[in-house]
Amino acid sequence: MTDPAVELVLDARAELGDGPRWDPREQRLFWVDIMRGRVHSFRPGKGACRSVDVGRPVGALAGAAAGGVVLAVAGGFARLDPDSGHFEMLATVEADRPQNRMNDGACDAAGRFWAGTMALDERPQAGALYRLDPSGAVETMITDVTISNGIDWSPDGRRMYYVDSPTRRIDVLDFDPATGRIANRRPLVEVPAEAGIPDGLTVDAAGFVWLALWGGGALRRYAPDGTLDRVVPLPVSHPTSCAFGGADLDELYVTSARRPLSKEERAREPMAGGLLRLRPGVAGRLANVFGTAA
């Protein structure tokens with residue numbers, strides 16, 4: 001299969017771009033620049049990007065049924081109206097651990113927002129994976145996490161995929177859609193060291209998992225049984241995550257980072273930190289939103 005063309009749709013020069021989520025109501029892509037604390041909304045049809053500074057590191061977001069977006073930020077979960085800029089905390093997480101921050105996250109089909117933490121210095125097993133319920137209750141779901149990263153569900157909602165980056169794996173867990181309980185965590189994919197470090201991921205309409213490879217300069221698509229299906233090279237060495245968007249959900253948006261690169265490396269890699277787009281020939285699914293079933 002011929003590699004799809006990859007285009008730079010926004011020369012964002014993000015230090016640590018991540019967390020892309022498509023908003024079908026407004027036909028825009030939300031994403032974050034984590035350590036700068038910025039939430040961006042990009043409208044491809046206009047080529048315009050609006051940014052809100054929330055004043056603290058922000059690792060992930062999801063649409064909210066009540067409007068706006070829900071955020072995973074340093075210190076817990078929050079809500080943001082991206083148009084007015086109004087920001088409010090919803091729940092506190094790890095208030096006693098200022099050395100930690102939130103990283104990647106996503107909503108399940110019942111409207112529960114899952115997001116995990118990591119130490120700023122990436123100290124092993126300092127983080128955890130949390131679940132924010134629509135009621136506002138927060139529950140710890142996985143402990144002893146180092147860099148909580150990509151998370152998504154199979155189309156039938158019975159399997160949850162999860163990445164703790166230093167393990168170099170995509171794990172799969174049995175998932176109960178009614179209760180939000182997880183069980184039987186086991187490896188699905190072992191990513192070889194030379195391929196890069198597993199980062200953010202998304203599951204397409206066929207149930208295949210798309211994985212961004214930090215330091216690997218590529219996306220990988222895996223079948224539900226863990227078989228490697230495709231490798232898509234990218235013009236950036238540190239892609240962070242990916243999400244389907246567009247009117248037909250057939251466009252794959254990819255966030256990336258400049259943070260790890262030296263001045264000389266940035267000069268050689270002009271698209272680093274940019275927002276990329278490709279059309280891989282498959283479609284994605286509507287992202288779940290916080291507070292209601294999809």
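The values are calculated or read from the model by the stated rules, or taken from the named source; none is laboratory data. No experiment lies behind these values; they were computed from the predicted model shown. In this analysis, Cβ positions are derived from the backbone assuming ideal geometry, glycine residues included, and neighbour counts consider all displayed protein chains. Note: accessible area is taken over every heavy atom of the protein model, side chains too, but ligands, DNA and RNA are not part of it. Shrake-Rupley method; radii C 1.70, N 1.55, O 1.52, S 1.80 Å.
In table form, for the structure just shown:
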read-out	value
Residue count, region 260-288 (criterion: of a type outside the set (S, T, N, Q) and under 30 Å from Glu26 (Cα atoms))	18
Gly217 vs. criteria under 18 Å from the mean Cα position of the chain (by Cα) and touching a residue at least 24 places away in the same chain (Cβ under 8 Å)	no
Count of residues meeting criterion [of a type in the set (A, V, I, L, M, F, W, C) and surrounded by fewer than 16 Cβ atoms within 10 Å (Cβ to Cβ)] in region 16-64	1
Matching residues in region 130-146 - criterion: being closer than 13 Å to Ser165 by Cα and open to solvent by less than 10 Å² (accessible area, probe 1.4 Å)	Val145
Some residue of region 177-184 being free of Cβ contacts under 8 Å to residues at least 60 places away in the same chain, among the small types (Gly, Ala, Ser) and in a strand (DSSP E or B)	yes
Number of the exception - Thr179 against (1) open to solvent by less than 20 Å² (accessible area, probe 1.4 Å); (2) over 23 Å from Leu219 (Cα atoms)	(1)
Residues satisfying the stated conditions in region 200-214, i.e. in contact (Cβ under 8 Å) with a residue 60 or more places away in the chain and either over 12 Å from the mean Cα position of the chain (by Cα) or open to solvent by 10 Å² or more (accessible area, probe 1.4 Å) (or both)	Thr202, Asp204, Ala205, Ala206, Phe208
Complete set of residues in region 67-102 that are closer than 16 Å to Arg38 by Cβ, open to solvent by 10 Å² or more (accessible area, probe 1.4 Å) and in a strand (DSSP E or B)	Phe87, Arg101
Count of residues meeting criterion [aliphatic (A, V, I, L, M), over 25 Å from Gln99 (Cα atoms) and at pLDDT 95 or above] in region 33-64	1
Any pair with Cβ under 6 angstrom, 6 or more apart, that starts in region 34-50 at a residue that is under 30 Å from Leu120 (Cβ atoms) and ends at one that is at pLDDT 95 or above and hydroxyl-bearing (Ser, Thr, Tyr)	Arg38/Ser51; His40/Ser51; Arg50/Ser41
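Yes/no per residue for (1) under 15 Å from the mean Cα position of the chain (by Cα); (2) surrounded by 15 or more Cβ atoms within 10 Å (Cβ to Cβ); (3) of a type in the set (Val, Ile, Thr):
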| site | (1), (2), (3) |
| --- | --- |
| Leu249 | no, yes, no |
| Arg258 | no, yes, no |
| Ser262 | no, no, no |
| Ala267 | no, no, no |
| Met271 | no, yes, no |
| Leu276 | yes, yes, no |
| Pro280 | no, yes, no |
| Asn288 | yes, yes, no |
